[in-house]
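The values are calculated or read from the model by the stated rules, or taken from the named source; none is laboratory data. These numbers come from a predicted model, not from an experiment. With ideal geometry, Cβ positions are generated from the backbone for all residues, glycine too; neighbour counts draw on all protein chains shown.
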Amino acid sequence: MSATIPAEALLAAAEQFGTPLYVYQAETIARQFHQLETAFTGHPTRFFYACKALSNQTVLRHLRGLGAGLDCVSLNEVKLGLHAGFAPENILFTPNSVTFEEIVAAKDLGVHLNIDNISMLERFGTTYGGSYPVCIRLNPHIEAGGNYKISTGHIDSKFGISIHQMRHLERVVKSTGLNVKGLHMHTGSEIKDVDVFLRALEVLFDAARRFPDLEFLDLGSGFKVPYKPGDVATDMAELGLRVTAAFAEFEQEYGRPLQAWFEPGKYLVSEAGFLLVRVAVVKQTPATVFAGVDSGFNHLIRPMFYDSYHTISNLSHPEGPERVYTVVGNICETDTFAWDRRLPEVHEGDLLAFHNAGAYGFEMSSSFNSRVRPAEVLLENGELRQIRRRQTFEDLLAGQE
Ligand SMILES: *Cc1c(COP(=O)(O)O)cnc(C)c1O
């Protein structure tokens, strides 16, 4: 169990707001953001929070206050960012498989555009020439990341423009007069090996040699945070030093300064979040002991979707003798949060906390089985504040005939 878990506050939150419940610690988000800032003080660097990890307005405003920009993958995310007070110049639109109309709509909102398809670049250049700057998303074909579903750099990936198409890309840029001011790549998620980022950066430098007017190079994200005991996180201090040194050297050759941009999602919010659930039943079968909780993969899909491991704390009985449980949800198909997990003895009514639930937790939740989505609560300066109410039965009916 993590030493830093705010057990008292979590127990109070469940008491006050009920379960299942998402709780986010504002200070943890700030700590993570400052860690990034500190690691990259040696080079002009900007951090655009990838808000697909967790897009609650209060969380967005918190990150804006810390000095983050925003990375958005849909037009609605851009609009949520503007609504949370982000200036358009601090928003980056990095979509995939969207229509030209969506790209134009983002342009009309004044945000940075990251285009990842030659046909769209050609159309954009033909329509607007160099009047609106663009960033180009490249695919370096670097295999990395914790899971195929979240790995984006491989050869079969739909993301970015292949670095093997550079000649074609150059021709499109020259013939349309596109104003290319940034190059981008995002190789995947959960990359713990600093060397992978440095290799990606070398590929970006190589591509940058063909574009003389760049202002920034965007390395995307993929920073890893610890999920299970013994997990290694991306070594930010080392990454910061090596990226800084690499930029300094390349700028000499390139002849003008280049900002470094990053788009961290998970790194900023994963550890800040807990999903609190109540044990509904303890069921002994011939094969195993199930702890069945009042939530399911409709609220936290990562274990079923990515085989992710989430540490579980028994907040009601933290000191009990350990026993082995399969922790399951209430959805009517296989719905397992944890297999064969050692937990302090679990009783019906106990409050459990899933750790690392800040990123891709609430955000990927649904009302499958007509079970409502949980409420969200912010824990800040020791105080609890509901930042999204629990859905209701009326919400399920809303918009229907
Ligand atoms: C998902 C995504 C991110 C964030 O990834 P994390 O692993 O959550 O840090 C950043 N950039 C782009 C383009 C993404 O699609």
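A few remarks follow.
- If the condition is being more than 22 Å from the chain's Cα centre (by Cα), of a type in the set (A, V, I, L, M, F, W, C) and surrounded by fewer than 19 Cβ atoms within 10 Å (Cβ to Cβ), then region 212-241 contributes only 241.
- If you filter region 171-216 down to residues that are within 14 Å of the ligand (Cβ to nearest atom) and aliphatic (A, V, I, L, M), you find that the one that is modelled with the highest pLDDT is 183.
- Considered as a group, the residues in region 69-89 that are of a type in the set (D, E, K, R) and under 16 Å from the mean Cα position of the chain (by Cα) include one that is nearest to the ligand (Cβ to nearest atom), and that residue is 71.
- Filtering region 97-134 to residues that are among the acidic types (Asp, Glu), in contact with a Ser or Thr (Cβ under 9 Å, 6 or more places away or on another chain) and under 25 Å from residue 80 (Cβ atoms) leaves 102, 116.
- Among the criteria (1) in contact with an Asp or Glu (Cβ under 6 Å, 6 or more places away or on another chain); (2) of a type in the set (A, V, I, L, M); (3) not assigned by TED's automatic domain parsing to the domain that holds residue 387, the one residue 237 does not fulfil is (1).
- Residues of region 378-397 include at least one that is touching a strand residue (DSSP E or B) at 6+ places or on another chain (Cβ under 9 Å) and crowded, with 21+ Cβ neighbours inside 10 Å.
- Contact annotation: residue pairs with Cβ atoms under 6 Å, 6 or more positions apart or on different chains, pairing a residue in region 191-217 that is over 13 Å from residue 260 (Cα atoms) with a partner that is of a type in the set (D, E, K, R) and outside any loop (DSSP other than H, G, I, E, B), are 194/238; 210/170.
- Strands (runs of 3 or more DSSP E) wholly inside region 242-326 containing at least 1 residues that are within 16 Å of the ligand (Cβ to nearest atom): 259-262, 273-284
- Sole exception among (1) in contact with a strand residue (DSSP E or B) (Cβ under 7 Å, 6 or more places away or on another chain); (2) farther than 23 Å from residue 6 by Cα; (3) touching a residue at least 60 places away in the same chain (Cβ under 8 Å) for residue 278, by number: (2)
- One residue alone among 338, 375, 359 is closer than 24 Å to residue 229 by Cβ, away from the ligand (no atom under 16 Å from the Cβ), aliphatic (A, V, I, L, M) and in contact with a helix residue (DSSP H, G or I) (Cβ under 8 Å, 6 or more places away or on another chain), and that residue is 338.
- The residues of region 28-58 that are of a type in the set (Lys, Arg) and in a helix (DSSP H, G or I) amount to a single one, 31.
- Members of region 356-377 that are closer than 27 Å to residue 321 by Cβ and out of contact with any strand residue (DSSP E or B) (no Cβ under 6 Å at 6 or more places or on another chain): 356
- Odd one out for residue 91, checked against (1) in contact with a His (Cβ under 9 Å, 6 or more places away or on another chain); (2) closer than 30 Å to residue 320 by Cβ; (3) among the β-branched types (Val, Ile, Thr): (2)
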